[in-house]
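The values are calculated or read from the model by the stated rules, or taken from the named source; none is laboratory data. Note that the structure is predicted; figures quoted are calculated from it, not measured. Because the Cβ atoms are built from the backbone with ideal geometry, glycine has one as well, and the counts that use them run over all protein chains shown. Each accessible area value is taken on the protein alone, full model and side chains, heavy atoms only, with ligands, DNA and RNA left out. Shrake-Rupley method; radii C 1.70, N 1.55, O 1.52, S 1.80 Å.
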Amino acid sequence: MTLQGKQILLGISGGIAAYKAAELTRLLIKAGASVRVCMTEGACEFITPLTLQALSGHPVHTTLLDPAAEAGMGHIALARWAEHILIAPATADLIARLVAGMADDLLSTLCLASAAPVSLAPAMNQQMWKHPATQQNIQTLQQRDVRILGPDQGAQACGDIGPGRMLEPTALLQAILDFYQPKALPLAGCKILITAGPTREPIDPVRFITNRSSGKMGYAVVEAARDLGAEVTLVSGPVNLTAPKNIQHIAVETAQQMLEACQAAVQHADIFIATAAVADYTPAAVATQKIKKSANEISLALTKTTDILATLSLANPQLFSVGFAAETNDVLTYARSKLERKGLQMVAANLVGEGKAFDQATNALEVVWPGGSTSLPEMDKQQLAHELMKLISARYHTWKQPDGTH
Ligand code: CTP
């Protein structure tokens, strides 16, 4: 782990812990960061800018309207340069001034003029820390996404014992390293099987029965699952879409082929999401030659296809199975009955007809599971797929016991 190339602006305000900023500067530089230091007037009473200049390898910035400094790296240039602002120690006074958005000295101005993430290491007397004014200020800063690091408990320079000690430089370094640590993806290590698109049931060599489905929603679900860290196997019927990258793609045509591909792939899956519009019926016999239109009337014998979702779900109780439902009315009632009938953990249902869902860029879903439901309002299919996958991920982790069973 390293801070290689990270441009960190270290702000030091006037407290006894300011001397620890020297060690912090050394640690940040050792971790690979490029460090510029800004000290308040108070800080300069506790430690000299020369020490920080020697450790950081750059002149220390102390005043807002210093012609020499402005001629070099001016305050706006410095605010833009910073990729991260770390203030250690942050006194109660500085914290209050940041809350108020003051810009009457260099450090507060830099914080106001920069869009970089800010981390603060408060350091003050325990009574000052506990004071409602400070506590409220801290809350306000947290709401503005400022990270508050510490403070620590213990003996204080003033003789008091309690919260208010600045975190040690090693702990502050670790907090900055953690900030840049890639966050674990919620579906990392999870294998997901997804069906998408329509199926084609051949009548003769040139004709087939199919369902109306662009596959867009299913493909968006595939991408969302992959982006949350899952290993995805997509079993897709014929669609006019490019297969998403970094997934396993199995192309099929008929419901029977889709069933067989899924039966093989399900052995390794943790989650199964059936978005495909599988044909419910298939011609009982496929004519080997093109059927000529000599007769005025013909009838086609159809047999029911196997319900892939129900078959896989009922045969694999360890599988978290999610079904889709397209309804023209009573969405929630039908979704709940599907949940029970097919032994599912979740059903995502949408209202179709009247220009809704099919071939559209947007969609909305009612999502139900045993004991709960939620609505995902109309939005872009990519965004909707992402919201749905986050929900599936959360429900899956709740459903699965820590020992892998459920
Ligand atoms: N499904 C499947 N295999 C089939 C049929 C459907 O895997 N042979 C899956 C679909 O991918 C979808 C869900 O089951 O996830 C839809 O269920 P389905 O019973 O087809 O819904 P409806 O068409 O609404 O059912 P009904 O005809 O009973 O209204």
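Checked against the criterion of being more than 8 Å from the ligand (Cβ to nearest atom), under 21 Å from Val367 (Cβ atoms) and of a type in the set (S, T, N, Q), segment 295-303 contains not a single residue that satisfies it.
Of all residues in segment 286-312, those satisfying the criterion of being among the hydroxyl-bearing types (Ser, Thr, Tyr) and not in a strand (DSSP E or B) are Thr288, Ser294, Ser299, Thr305, Thr306, Thr311.
Let's see how each residue does on (1) surrounded by fewer than 22 Cβ atoms within 10 Å (Cβ to Cβ); (2) out of contact with any helix residue (DSSP H, G or I) (no Cβ under 9 Å at 6 or more places or on another chain):
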site: Ser119; (1), (2): yes, no
site: Gln143; (1), (2): yes, yes
site: Gln153; (1), (2): yes, no
site: Ala157; (1), (2): yes, no
site: Met166; (1), (2): no, no
site: Lys191; (1), (2): yes, no
site: Pro198; (1), (2): no, yes
site: Asp204; (1), (2): yes, yes
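Scanning segment 323-350 for residues that are among the small types (Gly, Ala, Ser) and at pLDDT below 90 returns a single hit, Ala326. Screening segment 336-356 for residues that are basic (Lys, Arg) and in a helix (DSSP H, G or I) and picking the one that is nearest to the ligand (Cβ to nearest atom) gives Lys338. Please go through segment 281-313 and pick out each residue that is closer than 25 Å to Lys342 by Cβ and open to solvent by 100 Å² or more (accessible area, probe 1.4 Å). Within segment 281-313, Tyr281, Lys304 meet the criteria. Count of segment 262-280 residues, restricted to those that are over 15 Å from Ala225 (Cβ atoms) and among the polar types (S, T, N, Q), is 2.
Considering (1) of a type outside the set (Ser, Thr, Tyr); (2) at pLDDT below 95; (3) in contact with a strand residue (DSSP E or B) (Cβ under 7 Å, 6 or more places away or on another chain), the lone condition that Ala295 does not fulfil carries the number (3).
If I filter segment 181-199 for residues that are in contact with a Cys (Cβ under 6 Å, 6 or more places away or on another chain), touching a residue at least 12 places away in the same chain (Cβ under 8 Å), within 15 Å of the ligand (Cβ to nearest atom) and part of a strand (DSSP E or B), do I get at least one hit? Within segment 181-199 (the criterion being in contact with a Cys (Cβ under 6 Å, 6 or more places away or on another chain), touching a residue at least 12 places away in the same chain (Cβ under 8 Å), within 15 Å of the ligand (Cβ to nearest atom) and part of a strand (DSSP E or B)), the answer is no, since none of the residues qualifies. Within segment 206-226, if we keep just the residues that are basic (Lys, Arg) and either in a helix (DSSP H, G or I) or under 22 Å from Phe324 (Cα atoms) (or both), the residue that is least open to solvent (accessible area, probe 1.4 Å) turns out to be Arg226. Among the residues of segment 164-173, is any free of Cβ contacts under 8 Å to residues at least 24 places away in the same chain and out of contact with any Ser or Thr (no Cβ under 8 Å at 6 or more places or on another chain)? The answer is yes; a qualifying residue exists. Quick check, is Lys338 in the same structural domain as Ser214 (by TED's automatic domain parsing) and either surrounded by fewer than 19 Cβ atoms within 10 Å (Cβ to Cβ) or at positive phi (or both)? Criteria not met by Lys338.
Among the residues of segment 238-285, the ones that are more than 10 Å from the ligand (Cβ to nearest atom) and assigned to a loop (DSSP other than H, G, I, E, B) come to 17 in all. For segment 194-231, a residue qualifies if it is of a type in the set (Val, Ile, Thr) and in contact with a Pro (Cβ under 8 Å, 6 or more places away or on another chain), and the qualifying residues are Ile203, Ile209, Thr210, Val222. Please work out if Lys290 is of a type in the set (D, E, K, R), more than 12 Å from the ligand (Cβ to nearest atom) and more than 22 Å from Ala385 (Cα to Cα). So Lys290 fits the description; yes. Scan segment 1-48 for residues that are among the hydroxyl-bearing types (Ser, Thr, Tyr), assigned to a helix (DSSP H, G or I) and open to solvent by 30 Å² or more (accessible area, probe 1.4 Å) and the total you get is 1. For segment 314-335, the tally of residues that are open to solvent by less than 70 Å² (accessible area, probe 1.4 Å), aromatic (Phe, Trp, Tyr) and either within 12 Å of the ligand (Cβ to nearest atom) or outside the structural domain of Ser213 (by TED's automatic domain parsing) (or both) stands at 1.
Is there any pair with a first residue in segment 251-279 that is open to solvent by 10 Å² or more (accessible area, probe 1.4 Å) and a second that is among the aromatic types (Phe, Trp, Tyr) whose Cβ atoms are under 8 Å apart and which are 6 or more apart or on different chains, and what are they? Between residues of segment 251-279 that are open to solvent by 10 Å² or more (accessible area, probe 1.4 Å) and residues that are among the aromatic types (Phe, Trp, Tyr), the close pairs are Asp270/Phe320; Asp270/Tyr396; Ala274/Phe324; Thr275/Phe324. Within segment 125-137, identify whether any single residue is closer than 23 Å to Ile16 by Cβ, in the same structural domain as Met73 (by TED's automatic domain parsing), crowded, with 19+ Cβ neighbours inside 10 Å and of a type in the set (A, V, I, L, M), and answer yes or no. So far as segment 125-137 goes, no, none of its residues is closer than 23 Å to Ile16 by Cβ, in the same structural domain as Met73 (by TED's automatic domain parsing), crowded, with 19+ Cβ neighbours inside 10 Å and of a type in the set (A, V, I, L, M). Of everything listed in (1) open to solvent by 70 Å² or more (accessible area, probe 1.4 Å); (2) modelled with pLDDT under 95; (3) more than 23 Å from Gln4 (Cα to Cα), the single unmet condition for Asp178 is (3). How about segment 67-117: which of its residues are charged (D, E, K, R) and not in a loop (DSSP other than H, G, I, E, B)? Glu70, Arg80, Asp93, Arg97, listed by residue number.
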